[in-house]
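Data first, discussion second: the structure below is written as structure tokens.
The values are calculated or read from the model by the stated rules, or taken from the named source; none is laboratory data. From a predicted model like this one, the values you see are computed outputs, not experimental measurements. We place every Cβ from the backbone using ideal geometry, glycine too, and count neighbours over all the protein chains shown. What goes into the accessible areas is simple: the full protein's heavy atoms, side chains included, and nothing from ligands, DNA or RNA. Shrake-Rupley method; radii C 1.70, N 1.55, O 1.52, S 1.80 Å.
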Amino acid sequence: MTRRRAIEIVVVLFGIAFVLYLATSFRPGRRPHAAGSGENVPESPPGEEAGQATTVLKGFDYTESVRGKPLFHIQSERTVGFGAAAGLLPNLYALEKVTLTVYPEAGTPITVHADRATYDHRTNGAHLNGNVHWVDSRGALGETEEIVFQPSARVLTAPKPLRLSRGTFVLEAKSGEYDVAKHEARLQGPVRGTGTGEGTGGLSALSADRGVYRRDESLIELSGSVSGTTADGNRVQADRMVLKMDEEGKHFEWGRAEGNVHGMIAAGALSRPATGGPSVPPGARTPRPPESYSGDHAGLLFAEDGTMRSLSLAGAPAKVDEPTRHLQAATIEIAFEAGRARTATSRGAVKIVSEENHGESDEAHMVLGADGAIESLELAGSVRMEGQGRSGRADRAVQVADRDVWVLTASPGKSATVEGDGSKVSASRIEIDQKHKGVKADGTARAVLTPRQNGSRLATPVGDTSRPTFGKAEHMTFDDASRVATFSGGATLWQDASSVFGNDITVNDAERTLVAVGNTRTVFTPSPEKSAVSPTATPAAPPSGSKAAPRGAADRHPSVVTARRLVYREAPQAGQASQPTGTLPSAGPPAAPQLSTARFDESVVVTSAEWRATSNQAIAWIGPDRRLDRVELTGAVVFQDSKEGRNGKAEHATDWPRDGKTILEGTPAFVVDREGNRVAGATLTISKRGGSVEVTAPEGGRTDTIHKTRSH
């Protein structure tokens, strides 16, 4: 054998040994393993660095490990190795029917399948393409056309659109990547998801510009025009949103939204009763309108079935709206039952506006029925309300919806107030009956009653009815429907120094009457520019020749009438006809102005300055100018004038204060002065305030005059 022949044999043996080396080297943890011929080999990778095909392998199986822990594992059914030249180890491998498994430091590994791949042995990077797909530990299927694996960064990148599906829900994104070390999946949008809601906790639609899934924390972070919709129609939109999944990834536990938050609360399956209309019969069911909401921040809690348990809103302000009601506050928390809003709690600058009412407070708590109507509403802290021509102030207000009643209460030492048509009522507790148009005030109640805008005035025997009248009582009720006001428990109505007091006072604005019962006390105080409106004419008649006291001075004294009962009837106001409706006024001179009457019954006592009278009954006639026209006292009339030293008795007394005349009637009537002078007769007509006395004898009887001479 020649030397040249020996060298050829050695080269052949070396070639055989190299092939055996390749066959045994590419095993897990080492270099790729190959077998078979080069039939149906993958296409060569593009680019000049691919070099030329140096190896054709039947299979490929390689695992990269560090300190015995696998980092990734890549294998394929068919492989071509590419290198700088034949006989050199390949740098790139073209793979077909590829499986790439990436091992995180903790948790379940990720396995990706593809039709083709290139693997760079120098960087351990892999580029998978063609029907790329994977299934995570929770059964979600991922699909894309291309994935790039960068072992140094521990990142799987999908540069082309990808599709994630689980159950009926499908999520699509423009691109994405998975950080193996951080267990984070990042999606670049637009991100869009749709489904039936089954298996996703009710989520049926989702969209965002970007998304991050943090697997260890089971958090989904979405940003940029985020929108989510549930199968039952609830919707949320925001600039950013974080959603927390349960440990098994079956449903959402909570969510947090920030930035321009708004959405819709679905009506649900139930509907509200219809009020009737041209095409809707009364009692029919109409769709319940949805409720929209908005704020700067929102928090959501979910039940296991995916329905919302609560929605918390914060903003400047946060709002919840429906066609018939508007709610806004610094924070609003809505609790749900069976997918429907059940309660709403608001705090901070609360405003509630409905078709008929407007309310403001520091806090509010609302309970809603299945049809969305308010079952109860409670406002607390600096409550301010307006509705149906009234406004109210209180520390706390509660609406009893089934009765359509508002109850306003005040803190100890304070009062709730209600104003309407210029009048004002304050008390510890005020009840507003909107259905029956009434107001009830209890506990140290106070009122300011002004003439109504329609021109009607309070019926009262004292003061000027064109001015406000003040009232106080332990309890007050105002019935706008019947136009009746009741004051009970130490009731008083007053204007300046004039007043009416009684255990109970009832004012009927429709009938123009005032009734006071139980220890009534009426004070008539003349105004400075007018003569007194007073049933206190001095009916005493001095004996002939004595001087009369100046009446003007007496007229300026207040007069007080006490009795068991007072009934005041006001004359018709100007423009109110007394004749039956539809008749024409009779011709001739104008009728005398009608007079109002104040009747005092039982234990009547009239006092004015030093003058005092008692009787069983007294009636005062009051003119349109609110001045007294005449006064009648009936039944056991007894009077005293301590200043003039006069006293007398009669069965009936009538006084005309404007004329300065008094008529006493009896069997007989008499007057006695301090010196014992006495005048008696059936009728005593006292004129000029005692300046003259006309005595009329009874029929068939005589008069009696006794004049005592003074001793010198």
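At-a-glance table
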{"read-out": "Tally, over segment 111-156, of residues that are open to solvent by 60 Å² or more (accessible area, probe 1.4 Å) and polar (S, T, N, Q)", "value": "5"}
{"read-out": "Residue that is modelled with the highest pLDDT [pool: residues in segment 79-138 that are in a loop (DSSP other than H, G, I, E, B) and among the hydrophobic types (A, V, I, L, M, F, W, C)]", "value": "Ala106"}
{"read-out": "When residues of segment 139-151 are limited to those that are of a type outside the set (A, V, I, L, M, F, W, C) and assigned to a strand (DSSP E or B), the one farthest from the chain's Cα centre (by Cα)", "value": "Gln150"}
{"read-out": "Matching entry among Ala636, Ala669 (being open to solvent by 50 Å² or more (accessible area, probe 1.4 Å), part of a strand (DSSP E or B), at pLDDT 75 or above and among the aliphatic types (A, V, I, L, M))", "value": "Ala636"}
{"read-out": "Any hit, segment 647-670, residues being touching a His at 6+ places or on another chain (Cβ under 6 Å) and of a type in the set (Asp, Glu)", "value": "yes"}
{"read-out": "Some residue of segment 673-684 being farther than 23 Å from Ala598 by Cβ, without any contact (Cβ under 8 Å) to a residue 60 or more places away in the chain and hydrophobic (A, V, I, L, M, F, W, C)", "value": "yes"}
{"read-out": "Any chance Ala117 is in contact with a Ser or Thr (Cβ under 8 Å, 6 or more places away or on another chain), among the hydrophobic types (A, V, I, L, M, F, W, C) and farther than 16 Å from Gly176 by Cα", "value": "yes"}
{"read-out": "Qualifying position, being in contact with a Lys or Arg (Cβ under 7 Å, 6 or more places away or on another chain) and surrounded by fewer than 19 Cβ atoms within 10 Å (Cβ to Cβ), among Glu198, Glu184, Glu177", "value": "Glu184"}
{"read-out": "Test: Ala185 is more than 36 Å from the chain's Cα centre (by Cα) and in a loop (DSSP other than H, G, I, E, B)", "value": "no"}
{"read-out": "Qualifying residue in segment 515-534 (condition: under 24 Å from Val631 (Cα atoms), among the hydroxyl-bearing types (Ser, Thr, Tyr), at pLDDT below 90 and surrounded by fewer than 14 Cβ atoms within 10 Å (Cβ to Cβ))", "value": "no"}
{"read-out": "Criterion (open to solvent by 60 Å² or more (accessible area, probe 1.4 Å) and within 22 Å of the chain's Cα centre (by Cα)) met by exactly one of Lys437, Lys414, Lys424", "value": "Lys437"}
{"read-out": "Residue satisfying all of: in segment 605-620; at pLDDT 90 or above and either open to solvent by 10 Å² or more (accessible area, probe 1.4 Å) or out of contact with any Ser or Thr (no Cβ under 9 Å at 6 or more places or on another chain) (or both); nearest to Ala669 (Cα to Cα) among these", "value": "Thr614"}
{"read-out": "Gly306 being buried (at least 17 other Cβ atoms within 10 Å of the Cβ), at pLDDT below 85 and either among the charged types (D, E, K, R) or not in a strand (DSSP E or B) (or both)", "value": "yes"}
{"read-out": "Residue in segment 415-430 that is of a type in the set (Lys, Arg), outside any strand (DSSP E or B) and free of Cβ contacts under 8 Å to residues at least 60 places away in the same chain present", "value": "no"}
{"read-out": "Residue check, Ser165 at pLDDT below 80 and either in a strand (DSSP E or B) or of a type in the set (Ser, Thr, Tyr) (or both)", "value": "no"}
{"read-out": "Flag if Pro282 is modelled with pLDDT under 80 and either more than 24 Å from Ser376 (Cα to Cα) or of a type outside the set (A, V, I, L, M, F, W, C) (or both)", "value": "yes"}
{"read-out": "Long-range neighbours under 6 Å by Cβ, at least six apart or interchain, first residue within 22 Å of Val605 (Cβ to Cβ) within segment 497-524, second of a type in the set (Lys, Arg)", "value": "Phe501/Arg521; Val517/Arg565"}
{"read-out": "Qualifying residue in segment 320-340 (condition: open to solvent by 30 Å² or more (accessible area, probe 1.4 Å) and in contact with a His (Cβ under 8 Å, 6 or more places away or on another chain))", "value": "no"}
{"read-out": "Subset of segment 368-397 [modelled with pLDDT of 90 or more and surrounded by fewer than 18 Cβ atoms within 10 Å (Cβ to Cβ)]", "value": "Glu378, Gly381, Ser382, Arg384"}
{"read-out": "Check on Ile334, under 14 Å from the mean Cα position of the chain (by Cα), closer than 26 Å to Val242 by Cα and touching a residue at least 12 places away in the same chain (Cβ under 8 Å)", "value": "yes"}
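Results for (1) open to solvent by less than 40 Å² (accessible area, probe 1.4 Å); (2) in a loop (DSSP other than H, G, I, E, B); (3) closer than 13 Å to Val425 by Cβ, shown as yes or no for each residue.
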| residue | (1), (2), (3) |
| --- | --- |
| Ala473 | yes, no, yes |
| Ser482 | no, yes, no |
| Gly490 | yes, no, no |
| Asp504 | no, no, no |
